[in-house]
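Structure record follows, encoded as structure tokens.
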Amino acid sequence: MRYNSYMTVQTIPAIEDMTPAQRVELMEALWKEMGKNHAETKPPEWHLDALDEAERSVADGTDEFIELEQLESLLQEKIRQRNIG
């Protein structure tokens, strides 16, 4: 699936027909391409709204930042509880 500069046509199989490795390769190629023109890409308005809301909730004490390790522990505990119940 790699693109060579001498090729003029590239066939990409349907996503559901790809292997997991092909899906990752496609995703990486898309991210790489999108990163080239990031200055031209404007985030959707809802991204900015979500960031503003998060900032307000931290500022007013509704939410707080936690360390990544603490988040991992919380998520692992929720998974354990689901598996038990």
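Checking each residue in region 35-70 for being assigned to a helix (DSSP H, G or I) and surrounded by fewer than 11 Cβ atoms within 10 Å (Cβ to Cβ) picks out Gly35, Lys36, Glu45, Trp46, His47, Asp49, Asp52, Ala59, Leu68, Glu69, Gln70. Annotation: of all residues in region 1-14 being surrounded by 10 or more Cβ atoms within 10 Å (Cβ to Cβ) and among the aliphatic types (A, V, I, L, M), the one that is modelled with the highest pLDDT is Ile12. Within region 49-62, residues that are among the hydroxyl-bearing types (Ser, Thr, Tyr) reach partners that are surrounded by 10 or more Cβ atoms within 10 Å (Cβ to Cβ) and assigned to a loop (DSSP other than H, G, I, E, B) with beta carbons closer than 9 Å, at six or more positions or on different chains, in the pairs Ser57/Asp63. Pairing residues of region 30-48 that are on the phi < 0 side of the Ramachandran plot with residues that are β-branched (Val, Ile, Thr), at Cβ distances under 9 Å and at least 6 apart in sequence or on separate chains, gives Met34/Thr41.
The values are calculated or read from the model by the stated rules, or taken from the named source; none is laboratory data. Quick caveat, the model's predicted, so the values are computed rather than measured. Using ideal geometry, Cβ is built from the backbone for each residue, glycine included, and neighbour counts are taken over all protein chains shown.
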